[in-house]
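The values are calculated or read from the model by the stated rules, or taken from the named source; none is laboratory data. Source: prediction; values computed, not measured. Note that each Cβ is placed from the backbone with ideal geometry, even for glycine, and that neighbours are counted across all protein chains shown.
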Amino acid sequence: MRGRTQPDSFLVVSAHYDHLGMMGRKTYFPGANDNASGVALLLELAAYYARPENRPACSVVFLLFGAEEAGLLGSTYFVQHPLVPLARIKFLLNLDLLGTGEEGATVVNGRVHEAAFRRLTFFNEAHHYLPRLTARGPAANSDHFPFSQAGVPAFFLYTRGGSLAYHDVNDQPAALSLAGFAGAFGLARDFLNELASN
């Protein structure tokens, strides 16, 4: 989405669309929470920013990676062969595991980018999007990590509570409450809108 006044400044929203798939001939790992839920939220944000009245000042890039489960291969490749200059990325918000939310959400790199985490907390408390936000330090556990390693400010947002299915056959759509999905959308939208205006 090309920015209105700062098209060469970028916000990035990312998610990964791969999962473990088939294990043998009879066992299928659906990957509803990990990470169809993150892809769904990315698509919701893309639809929001596609509306002319929501077009931000800077450009917003939506990246869907493959091979996250195989070791962050897609995001690592992008960082090594970027389609936009990494130095022009103001912030990256990575979306993964967003199908629950009864216990709020965790923000990886929240302890690294403390001022940005305080803004997230402000929006969350002002609008009661999620029960609580917890800051976490750096972790190589999703597609934000190669960007962080390259010096791009990045958060990885994931919800907590509800279904405990993870990398197993029970990670199915019916198991997900989506209790924090709308809240995570509002939180991400408000955060990105503020970043876009600065």
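So PRO146 ticks every box in (1) in a helix (DSSP H, G or I); (2) modelled with pLDDT of 95 or more; (3) under 20 Å from ALA46 (Cα atoms) but one. Which box is left unticked?
With respect to (1) in a helix (DSSP H, G or I); (2) modelled with pLDDT of 95 or more; (3) under 20 Å from ALA46 (Cα atoms), PRO146 is out only on (3).
Quick one: is GLU102 within 13 Å of ALA184 (Cα to Cα), of a type in the set (Asp, Glu) and modelled with pLDDT of 95 or more?
yes
Can you tell me which residue is farthest from LEU83 (Cα to Cα) among those in region 12-27 that are touching a strand residue (DSSP E or B) at 6+ places or on another chain (Cβ under 9 Å) and exposed (fewer than 14 other Cβ atoms within 10 Å of the Cβ)?
Going residue by residue through region 12-27, those that are touching a strand residue (DSSP E or B) at 6+ places or on another chain (Cβ under 9 Å) are 12-23.
Applying the additional criterion that residues be exposed (fewer than 14 other Cβ atoms within 10 Å of the Cβ) yields 21-23.
Values: GLY21: 28, MET22: 32, MET23: 34 Å.
By that ranking, first place goes to MET23.
Within region 159-175, is even one residue under 15 Å from the mean Cα position of the chain (by Cα) and in contact (Cβ under 8 Å) with a residue 24 or more places away in the chain?
Of all residues in region 159-175, those under 15 Å from the mean Cα position of the chain (by Cα) come to 159-160.
If we keep only those that are in contact (Cβ under 8 Å) with a residue 24 or more places away in the chain too, we end up with 159-160.
Within region 159-175 (the criterion being under 15 Å from the mean Cα position of the chain (by Cα) and in contact (Cβ under 8 Å) with a residue 24 or more places away in the chain), the answer is yes, since at least one residue qualifies.
Here are GLU53, GLU114, GLU69, GLU102: which of them is closer than 20 Å to PHE181 by Cα and surrounded by fewer than 21 Cβ atoms within 10 Å (Cβ to Cβ)? Walk me through it before giving the result.
Numbers: GLU53 fails: closer than 20 Å to PHE181 by Cα; GLU114 fails: closer than 20 Å to PHE181 by Cα; GLU69 fails: closer than 20 Å to PHE181 by Cα.
The conditions single out GLU102.
Would you check if there is a residue in region 29-48 being of a type in the set (D, E, K, R), out of contact with any Lys or Arg (no Cβ under 7 Å at 6 or more places or on another chain), touching a residue at least 24 places away in the same chain (Cβ under 8 Å) and under 18 Å from PRO146 (Cβ atoms)?
The initial filter retains those residues of region 29-48 that are of a type in the set (D, E, K, R), namely 34, 44.
Remaining after also requiring out of contact with any Lys or Arg (no Cβ under 7 Å at 6 or more places or on another chain): 34, 44.
Restricting the remaining residues to those that are touching a residue at least 24 places away in the same chain (Cβ under 8 Å) gives 34, 44.
If we keep only those that are under 18 Å from PRO146 (Cβ atoms) as well, we get none.
Scanning region 29-48, I find no residue that is of a type in the set (D, E, K, R), out of contact with any Lys or Arg (no Cβ under 7 Å at 6 or more places or on another chain), touching a residue at least 24 places away in the same chain (Cβ under 8 Å) and under 18 Å from PRO146 (Cβ atoms), so the answer is no.
So VAL79 clears everything in (1) out of contact with any Gly (no Cβ under 8 Å at 6 or more places or on another chain); (2) assigned to a loop (DSSP other than H, G, I, E, B); (3) of a type in the set (A, V, I, L, M) except one condition, right? Which one?
(2)
Which is closer than 15 Å to LEU93 by Cα, of a type outside the set (D, E, K, R) and part of a loop (DSSP other than H, G, I, E, B), of GLY151, GLY186, GLY162?
On the way: GLY186 fails: part of a loop (DSSP other than H, G, I, E, B); GLY162 fails: closer than 15 Å to LEU93 by Cα.
Testing whether each residue is closer than 15 Å to LEU93 by Cα, of a type outside the set (D, E, K, R) and part of a loop (DSSP other than H, G, I, E, B) leaves just GLY151.
Go through (1) over 13 Å from the mean Cα position of the chain (by Cα); (2) in a strand (DSSP E or B); (3) buried (at least 24 other Cβ atoms within 10 Å of the Cβ) for THR134 and report which single condition fails.
Every condition holds for THR134 apart from (3).
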